[in-house]
Each structure stands twice: as structure tokens, then as C-alpha cells.
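Presented below is the structure to which this report refers.
The values are calculated or read from the model by the stated rules, or taken from the named source; none is laboratory data. Worth saying up front: this structure is predicted, and the values here are computed from it rather than measured. Reconstructed Cβ throughout: ideal geometry from the backbone, glycine too, with neighbour counts over all protein chains shown. For the accessible areas, the whole protein counts, side chains as well, though only heavy atoms, and no ligand, DNA or RNA atoms are used. Shrake-Rupley method; radii C 1.70, N 1.55, O 1.52, S 1.80 Å.
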Amino acid sequence: MFYKVGIGFDYSFDQSCHINASAEYIGFEYGRSEMTGPNKTYYEPDSETNYLTVKAGFGYSF
């Protein structure tokens, strides 16, 4: 399963200056994997990976 959730904003002080920020959460879930060896079948356990990214910025237009 794969899921992604995010939110962000951009705020302008005047015509030339603005700030922005965002946050994003990404998750991956993997089920059990089968691996076959020379004499036996092995199983990898369930696994899960999560990422949280936070960004902030300042912009200036000439």
C-alpha cells in the first residue's frame, strides 16, 4: 500500500516578497515476501517505510 498526504501555503507580504511552507507525509507498507533458498523457503517479515518532509522558503521578485 502507498499513501501520501500533504499541505502547504504561500503568503504574500506585498508585490515582491512572499513566504511559503509545506509538509508532506509518505508511507509505504509491504507485505510478507517469500525467498527460496537451496533447501528451504524463507519469509521476510512485513515492512513499513515512512517519510516526513517539511519545507519553508522566502521569495523575492525583482
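In the chain, the portion of solvent-accessible area held by carbon and sulfur atoms comes to 56 percent [1.4 Å probe, whole percent, DNA, RNA and ligands not counted]. Here the label points at K55 and R32, each 7 Å from Cα along the C-beta direction, are separated by 4.0 nm in the simple model. Ranking F62, F13 from most to least accessible surface, computed with a 1.4 Å probe over the protein chains only, gives F62, F13.
Across the protein chains, with a 1.4 Å probe defining accessible surface, the residues I26, I7, I19 rank I7, I19, I26 from largest area downward. The residues of the chain have, on average, 88 Å² of accessible surface per residue, using a 1.4 Å probe with all protein chains present. Positive contributions from Lys and Arg (+1) and negative ones from Asp and Glu (-1), summed over other residues with Cβ under 13 Å from the Cβ of K55, come out at -2.
Taking every C-alpha pair closer than 8 Å and separated by at least 6 residues, the mean separation divided by the residue count of the chain gives a relative contact order of 36 percent. Could you tell me the accessible area of E34 in Å² (1.4 Å probe, neighbours in place), rounded to the nearest ten? Roughly 120 Å² of E34 is accessible to a 1.4 Å probe. The P(r) of the chain has a tail past 20 Å containing 57 percent of all C-alpha pairs.
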